[in-house]
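To keep things clear, I will list the structure first and then write my remarks on it.
Read-outs: derived from the displayed coordinates by stated rules, not from any lab. Being a predicted model, the structure only gives us computed values, none of them experimental. Glycine gets a Cβ as well: all are built from the backbone with ideal geometry, and neighbour counts include every protein chain shown.
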Amino acid sequence: MTESVARSQVYRDESVPACPEIYRRYPVVIIGDHQICAGNTLDVQPMAGPHMHSQVELNFGLSGSMTYWFNRRVISLSAGELGVFWGMVPHQVTDCAKDAQFVVLHVPMSIILELPSMSKLRAIIFQGAMISGANVMPHDPDLFSRWRDDLRQGDPQLTRIVTDEIMARVRRLDRDGWTCLRGAAHADLHAPLSGRAYERALGVEKMTQFIGEHASENIAADDVARAADLHPNYAMALFKRTVGLTIKQSIIRQRLDIAQSMLIASDMPVTKIAFDSGFGSLTRFYASFEKRFGRTPVDFRKSYHRFVRMDRTQE
């Protein structure tokens, strides 16, 4: 069995907390100012707690393996595998092999949204699934490594080239097939984007970023639409058609994701977590949490800690 990295060695990434005034380990972070970027290291280490960010994340394994806690599931990726997921889904590397090296790319969701043939893939990613490419090409290790090197140069022309090449790779992923590593809710096959696709994609991206960074505040659909300079009725229709959730549903989902991450990463009282994650009523928080996760916040926290203890006994 491949030796794992000690849990005391935790990864400090390049992210910036979105709301440090609430809690120093608040799970929503900003990576690369929401732009396309690459991780600052190939070496994988366990993370101190779950985090969430606005971009779509692509992980390609060069060597070893790593284990994710991803949206209440345990998922492992190994060398030669490609994992793709939306960063707004809570995720945490909980374990990895000592020789684990992965290329990690963060891609703005607008790049994924503007692809005209991606409706099914787009829907299942934004509804909370991690997918894996069915066919990895022989040149993928070199390709992903080169993309990382090019992005870290900070050259605008190279960045545009890499962006186009990643778009082409994702199109091929859709064509060649992919596997859902974590089942999402039923995904409607939304109509492909067309016409002013890029402008609409940017609007959805602005709305999701606003929700991600302000869900803990007293916001509503009108505030989200205003952040993207869109009429509320148009914004709500566009968001629902693209993401598969209403703006209100997305706000509640984001608050619940923040809450579950804080339950895992801290020993804060449930009441404080409820209000810090944006719920104005403890009753509403408990009802929403149990409806989404099928258990109380206290039971959820206990179940995660049991998973950690079991995982440690197997090392």
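If R0 equals 45 Å, the separation of the Cβ atoms of HIS231 and SER63 corresponds to a calculated FRET efficiency of about 0.35.
Averaged over residues, the count of other Cβ atoms within 10 Å places the peptides 208-218, 295-305 in the sequence 208-218, 295-305, highest first.
Given that compact globular proteins tend to follow 2.2 N^0.38 Å, what is the ratio of the alpha-carbon Rg of segment 32-115 to that value? Mind dumping the intermediate values first?
Details: Rg = 12.3 Å, N = 84, 2.2 N^0.38 = 11.8 Å.
Expressed relative to 2.2 N^0.38 Å, the Cα Rg reads 1.04.
What's log10 of I(q)/I(0) for segment 16-180 at q = 0.18, 0.20 Å⁻¹, Debye sum over Cα points only, no solvent? Debye output, listed in q order: -1.22, -1.54.
A quarter of the convex hull surface defined by the alpha-carbon atoms of segment 197-313 gives 8.3 nm² as the mean projection.
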